[in-house]
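Asks: I'd like to ask some things about the structure below.
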Amino acid sequence: MIDDGKALFLQIAERVEDEIVDGTLAEESQAPSTNELAAFHRINPATAAKGVSMLVDKGVLYKRRGIGMFVAPGARDLLLAERRAAFADAYLRPLLTEARRIGLSPDDVRALISEHATPTTP
C-alpha cells in the first residue's frame with residue numbers, strides 16, 4: 001500500500017474511504033482503531049491518527065466515547081459525491097475540451113462511449 005509520492009496519513013484515510021465506498025465498512029459499523037491501523041501498516045500511531053482525524057473532520061467517521069470510531073450515516077453517499085466530482089474534473093472536463101477541439105458533438109461523444117463500452121466478441 002505504501003506510495004512514496006503520497007503522505008502516509010492520506011493513504012490511510014483513502015484506504016478507509018475505499019472500504020466505505022466498496023461496502024466493506026458499512027455505515028454505523030465500527031471502523032479500525034488508530035492502533036489497529038498503525039499495527040497493520042507498521043506505521044506510527046500518530047500518523048494513523050492524523051488520517052483518522054481527517055476523516056472525522058470530513059464527517060466520514062465519528063467517535064463513540066469509550067467504544068471507538070464508527071462510520072457516519074451518509075458517509076458512503078458523501079464519498080461517492082466527492083469521487084464523482086473528482087472523476088468529472090480529472091477525466092470528463094479534459095475529454096469534453098478535446099472533443100470540442102476536434103469537432104465532436106455531445107452526441108458523437110456519447111456514441112463513441114457506447115461503442116467502446118460494449119464488449120466486442122472476437
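Asks: Take the residues in segment 91-122 that are hydrophobic (A, V, I, L, M, F, W, C) and exposed (fewer than 11 other Cβ atoms within 10 Å of the Cβ), then tell me which one is farthest from the chain's Cα centre (by Cα).
Replies: Among them, the one singled out is Ile102.
Asks: Follow-up. Looking at (1) touching a residue at least 24 places away in the same chain (Cβ under 8 Å); (2) surrounded by fewer than 10 Cβ atoms within 10 Å (Cβ to Cβ); (3) of a type in the set (A, V, I, L, M); (4) outside the structural domain of Lys50 (by TED's automatic domain parsing), find the lone condition where Ile67 falls short.
Replies: (4)
Asks: Moving on to the next point. Pairs under 8 Å by beta carbon, first residue closer than 19 Å to Val21 by Cα in segment 82-102, partner surrounded by 10 or more Cβ atoms within 10 Å (Cβ to Cβ) and β-branched (Val, Ile, Thr), six or more apart or different chains?
Replies: The qualifying pairs are Arg83/Val21.
Asks: Among the helices (runs of 4 or more DSSP H) confined wholly to segment 1-60, which include 1 or more residues that are without any contact (Cβ under 8 Å) to a residue 60 or more places away in the chain and among the aromatic types (Phe, Trp, Tyr)?
Replies: Because the criterion is at least 1 residues that are without any contact (Cβ under 8 Å) to a residue 60 or more places away in the chain and among the aromatic types (Phe, Trp, Tyr), the helices (runs of 4 or more DSSP H) in segment 1-60 that meet it are 8-21, 34-41.
The values are calculated or read from the model by the stated rules, or taken from the named source; none is laboratory data. Since the structure is predicted, the reported quantities are computational estimates derived from the model, not experimental observations. Cβ atoms come from the backbone with ideal geometry, glycine included; neighbour counts cover every protein chain shown.
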